[in-house]
Amino acid sequence: MLGTDLVHELHDWGDQVVALTRSDLDIRDPDACLAAVHGSDVVVNAAAWTDVDGAETAEGAAFAVNAVGAANLARACADASAVMVQVSTDYVFPGTAASPYPVNAFVQPLNAYGRTKAAAEWAVRAECPRSYVVRTAWLYGAHGRSFVATILRLAAGPDTVDVVDDQRGQPTWTVDLSRFVRSLVVAEEPFGVHHGTASGQTTWCGFAREIFAAAGFDPARVRPTTSERHPRPAARPAYSVLDNGDRLPAWGDGLNRALATWPASGI
Ligand SMILES: NC(=O)c1ccc[n+]([C@@H]2O[C@H](COP(=O)([O-])OP(=O)(O)OC[C@H]3O[C@@H](n4cnc5c(N)ncnc54)[C@H](OP(=O)(O)O)[C@@H]3O)[C@@H](O)[C@H]2O)c1
């Protein structure tokens with residue numbers, strides 16, 4: 001999902017891009033990473049095991065992609081003198097804070113996926129000091145399965161929709177994140193951890209209502225519910241808001257721009 005929009009954005013800027021899918025490169029293979037990275041100036045790792053609930057019962061397999069795979073790429077980048085961008089997540093934090101998490105806040109994941117992504121952050125920083133770790137959250141884009149696509153599908157039906165209203169976060173459009181990633185590298189911002197989430201904050205329920213409204217449906221059809229009433233295999237942070245210095249556009253603005261370009265196939 002992110003990778004596709006990232007490639008489009010970079011092409012639009014006139015950058016020379018080599019876009020590798022999983023069938024071109026399995027990042028679990030260290031030798032293949034060395035060969036693939038050779039000759040590159042910048043490598044963005046948008047590959048990951050992203051099945052958060054599935055990782056609870058397959059943490060080893062998720063770790064192999066998210067942590068070992070990222071470490072393989074970081075070692076290859078160091079070998080090739082390339083800058084690396086590792087995409088990380090708000091799920092490295094427990095979500096128990098009452099104000100936005102700064103970049104140096106204590107990392108303490110609640111679930112298996114978060115543990116594998118936290119391990120990746122440390123591995124990438126250790127193996128490739130010329131690297132950016134960009135934590136994003138609640139990502140959606142036209143080229144993947146996302147909350148926005150699900151809600152648009154439900155909105156087109158006749159029913160009311162119950163959505164949890166006790167998790168706060170920052171819905172972030174893949175295109176805005178892609179632009180942010182590029183801007184970090186081009187501006188030669190300091191290496192290390194950066195927060196790449198949309199500005200502002202909302203709940204999943206608030207986000208769903210905004211999607212309904214933006215797509216011309218009645219937002220009152222979205223009813224608030226609690227996480228307790230909809231248990232999932234992996235625990236989710238309740239307060240997943242990152243201090244991002246308002247460097248990305250507001251989440252509602254991103255949503256409206258995204259929907260204006262959303263292809264029918266994305267719904
Ligand atoms: N989605 C979110 O809400 C969210 C939130 C915070 C952070 N993130 C992070 O943002 C990044 C991009 O996520 P996304 O939502 O764009 O995920 P995505 O759509 O699931 O894309 C991940 C890609 O990684 C590929 N992949 C999996 N295992 C691989 C391997 N061993 N070698 C090479 N490629 C492999 C997948 O290929 P297959 O499809 O063939 O498996 C898929 O194309 C990830 O680092 C994710 O952790 C996402």
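The values are calculated or read from the model by the stated rules, or taken from the named source; none is laboratory data. Just so it is clear, the model here is predicted, and its values are computed rather than measured. Neighbour counts are summed over all protein chains in view; Cβ atoms, including those assigned to glycine, are modelled from backbone coordinates with ideal geometry. These area figures cover heavy atoms from the full protein model, side chains too; ligands, DNA and RNA do not enter into them. Shrake-Rupley method; radii C 1.70, N 1.55, O 1.52, S 1.80 Å.
Cβ-Cβ below 7 Å, separation at least six or inter-chain, first residue in segment 26-38 and in contact (Cβ under 8 Å) with a residue 40 or more places away in the chain, second of a type in the set (Val, Ile, Thr): which pairs?
Within 7 Å, the pairs are 27/65; 28/65; 28/68; 33/27; 37/43.
Across segment 1-14, which residue is most open to solvent (accessible area, probe 1.4 Å) among those that are in a loop (DSSP other than H, G, I, E, B) and touching a residue at least 12 places away in the same chain (Cβ under 8 Å)?
First, pick out the residues of segment 1-14 that are in a loop (DSSP other than H, G, I, E, B): 1, 13-14.
Narrowing the set further to residues that are touching a residue at least 12 places away in the same chain (Cβ under 8 Å) leaves 1, 13.
On the way: 1: 64, 13: 152 Å².
Applying the filter and picking the extreme gives 13.
Which ones in segment 212-228 are out of contact with any Asp or Glu (no Cβ under 6 Å at 6 or more places or on another chain), surrounded by 15 or more Cβ atoms within 10 Å (Cβ to Cβ) and not hydrophobic (A, V, I, L, M, F, W, C)? Step through it out loud before you land on a result.
Here is the first cut: in segment 212-228, the ones out of contact with any Asp or Glu (no Cβ under 6 Å at 6 or more places or on another chain) are 212-222, 228.
Subsequent filtering for residues that are surrounded by 15 or more Cβ atoms within 10 Å (Cβ to Cβ) retains 212-215, 217, 219, 221-222.
The answer is 219, 221.
Can you tell me which residue within segment 42-74, out of those that are under 26 Å from residue 232 (Cα atoms), part of a helix (DSSP H, G or I) and within 8 Å of the ligand (Cβ to nearest atom), is least open to solvent (accessible area, probe 1.4 Å)?
66
Test residue 77 against the stated conditions and say whether it is touching a helix residue (DSSP H, G or I) at 6+ places or on another chain (Cβ under 9 Å), farther than 22 Å from residue 233 by Cβ, in a helix (DSSP H, G or I) and within 13 Å of the ligand (Cβ to nearest atom). Please lay out each step first, then the result.
Details: touching a helix residue (DSSP H, G or I) at 6+ places or on another chain (Cβ under 9 Å): yes; farther than 22 Å from residue 233 by Cβ: yes; in a helix (DSSP H, G or I): yes; within 13 Å of the ligand (Cβ to nearest atom): no.
No, not satisfied.
Mind checking which residues of segment 235-267 are basic (Lys, Arg) and either surrounded by fewer than 17 Cβ atoms within 10 Å (Cβ to Cβ) or assigned to a helix (DSSP H, G or I) (or both)? I'd like the intermediate steps shown before the answer.
Our first condition is that a residue be basic (Lys, Arg); within segment 235-267, this holds for 236, 247, 257.
Hits for segment 235-267 are 247, 257.
Can you name the number of the only condition in (1) within 19 Å of the chain's Cα centre (by Cα); (2) without any contact (Cβ under 8 Å) to a residue 60 or more places away in the chain that residue 210 fails?
With respect to (1) within 19 Å of the chain's Cα centre (by Cα); (2) without any contact (Cβ under 8 Å) to a residue 60 or more places away in the chain, residue 210 is out only on (1).
If residue 232 passes every condition in (1) away from the ligand (no atom under 15 Å from the Cβ); (2) over 17 Å from residue 89 (Cα atoms); (3) part of a loop (DSSP other than H, G, I, E, B) but one, which one does it miss?
Going through (1) away from the ligand (no atom under 15 Å from the Cβ); (2) over 17 Å from residue 89 (Cα atoms); (3) part of a loop (DSSP other than H, G, I, E, B) one by one, residue 232 breaks only (1).
Going through segment 83-114 one residue at a time, which ones are surrounded by fewer than 21 Cβ atoms within 10 Å (Cβ to Cβ) and within 19 Å of residue 20 (Cβ to Cβ)?
The answer is 83, and nothing else.
Being within 15 Å of the ligand (Cβ to nearest atom) and either part of a strand (DSSP E or B) or not β-branched (Val, Ile, Thr) (or both) is true for just one of 114, 157. Which residue is that? Working first, answer last.
Numbers: 157 fails: within 15 Å of the ligand (Cβ to nearest atom).
So the residue among 114, 157 that is within 15 Å of the ligand (Cβ to nearest atom) and either part of a strand (DSSP E or B) or not β-branched (Val, Ile, Thr) (or both) is 114.
Can you report the number of residues in segment 103-117 which are touching a strand residue (DSSP E or B) at 6+ places or on another chain (Cβ under 8 Å) and of a type outside the set (Lys, Arg)?
To start, the set of residues in segment 103-117 that are touching a strand residue (DSSP E or B) at 6+ places or on another chain (Cβ under 8 Å) comprises 103-104, 113-114, 117.
With the extra rule that they be of a type outside the set (Lys, Arg), the set shrinks to 103-104, 113-114.
Of the residues in segment 103-117, 4 are touching a strand residue (DSSP E or B) at 6+ places or on another chain (Cβ under 8 Å) and of a type outside the set (Lys, Arg).
Conditions first: (1) more than 17 Å from the chain's Cα centre (by Cα); (2) closer than 23 Å to residue 125 by Cβ; (3) within 13 Å of the ligand (Cβ to nearest atom). Residue 24 passes all but one, so which condition is the exception?
Of (1) more than 17 Å from the chain's Cα centre (by Cα); (2) closer than 23 Å to residue 125 by Cβ; (3) within 13 Å of the ligand (Cβ to nearest atom), only one is false for residue 24: (2).
Under the condition of being more than 8 Å from the ligand (Cβ to nearest atom) and assigned to a loop (DSSP other than H, G, I, E, B), which residue from segment 118-148 is nearest to residue 183 (Cα to Cα)?
The residue in question is 130.
Pick from 152, 139, 110: which is closer than 23 Å to residue 4 by Cβ, in contact with a Pro (Cβ under 9 Å, 6 or more places away or on another chain) and of a type outside the set (Gly, Ala, Ser)?
Details: 152 fails: in contact with a Pro (Cβ under 9 Å, 6 or more places away or on another chain); 110 fails: closer than 23 Å to residue 4 by Cβ.
Exactly one of 152, 139, 110 is closer than 23 Å to residue 4 by Cβ, in contact with a Pro (Cβ under 9 Å, 6 or more places away or on another chain) and of a type outside the set (Gly, Ala, Ser), namely 139.
Pull up segment 19-41, narrow it to residues that are aliphatic (A, V, I, L, M) and within 21 Å of residue 62 (Cβ to Cβ), then point me to the one that is most open to solvent (accessible area, probe 1.4 Å). Reasoning before the result, please.
Let us first name the residues in segment 19-41 that are aliphatic (A, V, I, L, M), namely 19-20, 25, 27, 32, 34-37.
Still in the list and also within 21 Å of residue 62 (Cβ to Cβ): 20, 25, 27, 32.
Working: 20: 87, 25: 24, 27: 14, 32: 32 Å².
Checking each candidate, the answer is 20.
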